[in-house]
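Just below is one structure, and these are the notes that go with it.
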Amino acid sequence: MSKRDSENKFLSGNWYPVEESSSTELNISGELPKELTGLFLRNGPNPKEPINHKNYHPFFGDGMIHGIRLDEGKALWYKNKYVTSPLGFGPNTHVLIHGEKIYALVEGGSAPVILDSEMNFLDEEPFPAAENKRFTAHPKIDSETGEMHAISYDFGEYVNGLGQVHYVTIDKNGKLVKDHVIELPSRPMVHDCAITKNYVLVFDLPVTFNLGRREADKNSTGGDYPVIWNEKHLPRVGLQNKKTDEITWIEVNPGFLFHIVNSYEDEKGLVILDFCRYERLFDFENPLPMGNKPYLTRWTLDPLKKTCVEEMLDDRSMEFSRVHPDYDGKKHRFGYLLNDGKLNNYFKHDFDEKKTITHDFGPFKQAAEPVFIPKKNAKSEDDGFVVGFVYDKQTDLSDFVVLDAQNFSDEPLAKISLPQRVPFGFHGSWINLS
Ligand SMILES: [Fe+2]
């Protein structure tokens with residue numbers, strides 16, 4: 001058995017880690033749009049040897065960033081490097097730009113790491129004024145104020161019995177301006193948050209902290225992560241007022257979300273939340289976060305009546321939802337998603353028309369998160385490109401693929417052949433350098 005045939009799903013096939021590398025010899029097919037001048041970065045777990053195949057869980061795998069630098073229609077370089085942190089664990093979940101700085105991010109207590117556009121990791125602490133550098137992989141940036149809003153939690157606090165999360169605000173210069181404690185006695189896993197004009201949404205859902213949950217479970221593989229599905233937990237969403245810090249709780253159907261598409265307030269003041277909804281996850285017997293399929297769902301939350309109306313928007317499972325980067329908290333029409341399972345389709349969902357357009361990569365490809373990049377002089381919300389890494393099972397290599405978001409089903413505008421495969425991972429961003 002090759003080491004890539006691990007019984008641990010997250011160490012088999014294209015999950016298996018790769019070595020660090022770099023290349024300037026990159027072959028482009030099609031035509032790379034000249035205005036894509038910048039850097040695409042994607043973070044994900046890439047565990048270092050020795051790896052414990054029984055207990056490895058990707059949420060704890062060492063972070064590795066894959067980057068590709070584009071310039072005026074040319075591909076200058078590709079490289080992949082481990083995230084190195086002056087403060088401990090190298091974040092493995094997301095990488096994004098805020099203000100002038102690029103941050104690698106993870107939830108659960110580890111500090112963000114700052115890197116430059118050559119993918120050098122800097123010995124620079126994030127967020128001046130913050131006592132604790134804990135953060136999240138999924139902050140939301142208000143494109144009007146430049147403020148970054150986050151709900152963060154800390155496994156260190158959870159271990160010490162502190163049932164609380166933090167509503168953290170970072171200003172446009174990267175300085176911490178708020179660290180407000182919200183008491184959540186169940187110690188929930190809070191992977192994502194959402195913003196609207198007036199609120200930050202706090203997801204207090206039934207996946208809660210449980211240290212050593214798998215110690216008695218000797219027969220399964222797939223790894224240990226210290227959370228469990230908690231039947232006793234009342235699922236609810238908090239509408240945390242950004243200014244007053246008052247919070248309004250609304251009970252919702254049992255379920256879990258890793259990722260939202262977006263959220264906003266409509267003209268009646270109702271809060272619209274579009275997201276990928278799991279019915280149930282992290283059962284004791286089935287620790288993998290893939291036990292139930294996620295479906296694109298809308299919750300309409302009424303802050304006055306404290307009610308939630310649920311609507312399933314598509315019956316195909318989908319995940320890794322993204323939206324136009326300037327639309328956090330504003331009404332969106334389009335979302336971009338990956339099919340959960342075979343991974344060989346991207347979806348573009350039109351929330352106004354309630355229809356989904358598919359891009360099919362074919363039976364031998366497995367794609368990763370689709371990232372939308374708006375054109376510089378975009379005339380509409382979807383006037384731009386959708387990009388991502390796509391793995392080819394036949395060649396055991398990956399491409400970087402560029403789609404025209406308005407002609408979503410068409411052949412890609414361009415593909416860049418990479419010298420190695422890019423393992424499945426988590427999230428990435430486009431960094432504009434033009
Ligand atoms: Fe995520």
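The values are calculated or read from the model by the stated rules, or taken from the named source; none is laboratory data. Quick caveat, the model's predicted, so the values are computed rather than measured. Cβ coordinates were reconstructed from backbone atoms using ideal geometry, including for glycine residues, and neighbour counts include every protein chain displayed.
Pick out, from region 383-434, the strands (runs of 3 or more DSSP E) lying fully within it that include 3 or more residues that are touching a residue at least 60 places away in the same chain (Cβ under 8 Å) and within 16 Å of the ligand (Cβ to nearest atom).
Hits in region 383-434: none.
Output the qualifying pairs, or none if there are none: Cβ atoms under 7 angstrom, residues six or more apart or on different chains, first residue in region 54-82 and within 28 Å of N27 (Cβ to Cβ), second residue in a strand (DSSP E or B) and modelled with pLDDT under 95.
none
Within region 24-76, take every residue that is touching an Asp or Glu at 6+ places or on another chain (Cβ under 9 Å) and of a type in the set (F, W, Y) and give me the one that is farthest from I114 (Cα to Cα).
Of everything passing the filter in region 24-76, Y56 is farthest from I114 (Cα to Cα).
Taking the options E279, E231, E251, name whichever one is exposed (fewer than 15 other Cβ atoms within 10 Å of the Cβ) and either modelled with pLDDT of 95 or more or at positive phi (or both).
E251 is the lone residue from the list that is exposed (fewer than 15 other Cβ atoms within 10 Å of the Cβ) and either modelled with pLDDT of 95 or more or at positive phi (or both).
So is K172 outside any strand (DSSP E or B), at pLDDT 95 or above, more than 16 Å from the ligand (Cβ to nearest atom) and surrounded by fewer than 22 Cβ atoms within 10 Å (Cβ to Cβ) or not?
So K172 passes the test.
For region 293-310, what are the residues that are surrounded by fewer than 20 Cβ atoms within 10 Å (Cβ to Cβ), modelled with pLDDT of 95 or more and over 17 Å from F334 (Cα atoms)?
Residues satisfying the conditions are T300, D302, P303, L304, K305, K306, T307, C308, V309, E310.
So which strands (runs of 3 or more DSSP E) stay within region 258-348 end to end and still have 2 or more residues that are within 16 Å of the ligand (Cβ to nearest atom)?
Correct list: 260-265, 271-277, 307-322, 334-339.
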